[in-house]
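The values are calculated or read from the model by the stated rules, or taken from the named source; none is laboratory data. Because the structure is a prediction, the values reported are computed rather than measured. No Cβ is skipped: glycine too gets one built from the backbone with ideal geometry, and neighbour counts run over all protein chains shown.
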Amino acid sequence: MAADVDEINFHTRKWIRPEDLNANGTLFGGSLLRWIDEEAAIYVMIQLGNERVVTKYVSEINFLSSAQQGDIVEMGLRATRFGRTSLEMRAEVRNLFTRQSILTIERIVFVNLGPDGGPAPHGQTRITYDRDRIPERLRPASARPQIR
Ligand SMILES: CC(C)(COP(=O)(O)OP(=O)(O)OC[C@H]1O[C@@H](n2cnc3c(N)ncnc32)[C@H](O)[C@@H]1OP(=O)(O)O)[C@@H](O)C(=O)NCCC(=O)NCCS
């Protein structure tokens, strides 16, 4: 099922440090991809309410501009399609101050896994903006529904 609106929400911010630079002295693409994959994994865990999710597919990555040491970048993701066992997203990384796009990825697909490590239906069809899908066993006791 296609997700509702097109708007991307930018969550994590990263401050570009010396260890994130390539030989050209600008942001190393590998660092950016690691951050995006981690960001996507966390996003999928929240959307599907399951920690056992894996990256299945990443489409063309378009590096549009670079970043320098000291820049702050922000990473945005949006679910674009809820499949039966998968979740597809669009990603964008941009400069926090200038809003200039640094990278876009049209399709990142994660798969929801069951206890056997195989694809499992996730049952979700819409984006959540809350933490309401976090499994009960992972919530603090104060946040669990009380049984009377
Ligand atoms: C993820 C994994 C369990 C899926 O197994 P699989 O046999 O491909 O599963 P399926 O064919 O049933 O596909 C599962 C879902 O992925 C989707 N999918 C499979 N291949 C895809 C591709 N190339 N592009 C986009 N989606 C794809 C399917 O459409 C299906 O989604 P749906 O249920 O929402 O329709 C298996 O491929 C795997 O373990 N891969 C390694 C994952 C990993 O370790 N990633 C970390 C990086 S190394």
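Does segment 116-145 hold any residues that are in a loop (DSSP other than H, G, I, E, B), on the phi < 0 side of the Ramachandran plot and within 16 Å of the ligand (Cβ to nearest atom), and which are they? Before you say what the answer is, go through the steps one by one.
So in segment 116-145, the residues in a loop (DSSP other than H, G, I, E, B) come out as 116-118, 120-135, 139-140, 144-145.
Within this subset, residues satisfying the condition of being on the phi < 0 side of the Ramachandran plot are 116, 118, 120-122, 124-135, 139-140, 144-145.
Selection gives 116, 118, 120, 121, 122, 124, 125, 126, 127.
Tell me whether segment 86-94 contains one or more residues that are in contact with a His (Cβ under 8 Å, 6 or more places away or on another chain), part of a loop (DSSP other than H, G, I, E, B) and closer than 22 Å to residue 117 by Cβ.
No, every residue in segment 86-94 fails to be in contact with a His (Cβ under 8 Å, 6 or more places away or on another chain), part of a loop (DSSP other than H, G, I, E, B) and closer than 22 Å to residue 117 by Cβ.
Of all residues in segment 57-70, which are within 12 Å of the ligand (Cβ to nearest atom) and in a strand (DSSP E or B)?
Taking segment 57-70 and keeping what is within 12 Å of the ligand (Cβ to nearest atom), we get 57-59.
The answer is 57, 58.
Among (1) within 12 Å of the ligand (Cβ to nearest atom); (2) of a type in the set (Asp, Glu); (3) not in a helix (DSSP H, G or I), which single condition is residue 38 missing?
Going through (1) within 12 Å of the ligand (Cβ to nearest atom); (2) of a type in the set (Asp, Glu); (3) not in a helix (DSSP H, G or I) one by one, residue 38 breaks only (3).
Could you go through segment 46-55 and let me know if any residue there is buried (at least 19 other Cβ atoms within 10 Å of the Cβ) and free of Cβ contacts under 8 Å to residues at least 60 places away in the same chain.
For segment 46-55, residues buried (at least 19 other Cβ atoms within 10 Å of the Cβ) and free of Cβ contacts under 8 Å to residues at least 60 places away in the same chain: absent.
What single numbered condition from (1) surrounded by 15 or more Cβ atoms within 10 Å (Cβ to Cβ); (2) within 17 Å of the chain's Cα centre (by Cα); (3) touching a residue at least 40 places away in the same chain (Cβ under 8 Å) fails to hold for residue 126?
Among (1) surrounded by 15 or more Cβ atoms within 10 Å (Cβ to Cβ); (2) within 17 Å of the chain's Cα centre (by Cα); (3) touching a residue at least 40 places away in the same chain (Cβ under 8 Å), the lone unmet condition for residue 126 is (1).
Checking the conditions here, which among 54, 73, 111 is away from the ligand (no atom under 16 Å from the Cβ), at pLDDT 95 or above and either outside any loop (DSSP other than H, G, I, E, B) or small (Gly, Ala, Ser) (or both)? Quick ask: steps written out before the conclusion?
Values: 54 fails: away from the ligand (no atom under 16 Å from the Cβ); 111 fails: away from the ligand (no atom under 16 Å from the Cβ).
So the residue among 54, 73, 111 that is away from the ligand (no atom under 16 Å from the Cβ), at pLDDT 95 or above and either outside any loop (DSSP other than H, G, I, E, B) or small (Gly, Ala, Ser) (or both) is 73.
Considering only residues that are hydroxyl-bearing (Ser, Thr, Tyr) and more than 20 Å from residue 27 (Cα to Cα), look in segment 76-105 and name the one that is farthest from the ligand (Cβ to nearest atom).
If we take residues in segment 76-105 being hydroxyl-bearing (Ser, Thr, Tyr) and more than 20 Å from residue 27 (Cα to Cα), then 80 is farthest from the ligand (Cβ to nearest atom).
Residues to consider are 17, 81, 90, 13; find the one that is under 25 Å from residue 122 (Cβ atoms) and either modelled with pLDDT under 95 or surrounded by fewer than 17 Cβ atoms within 10 Å (Cβ to Cβ) (or both). Show your work before the answer.
Values: 17 fails: under 25 Å from residue 122 (Cβ atoms); 90 fails: either modelled with pLDDT under 95 or surrounded by fewer than 17 Cβ atoms within 10 Å (Cβ to Cβ) (or both); 13 fails: under 25 Å from residue 122 (Cβ atoms).
Among 17, 81, 90, 13, only 81 is under 25 Å from residue 122 (Cβ atoms) and either modelled with pLDDT under 95 or surrounded by fewer than 17 Cβ atoms within 10 Å (Cβ to Cβ) (or both).
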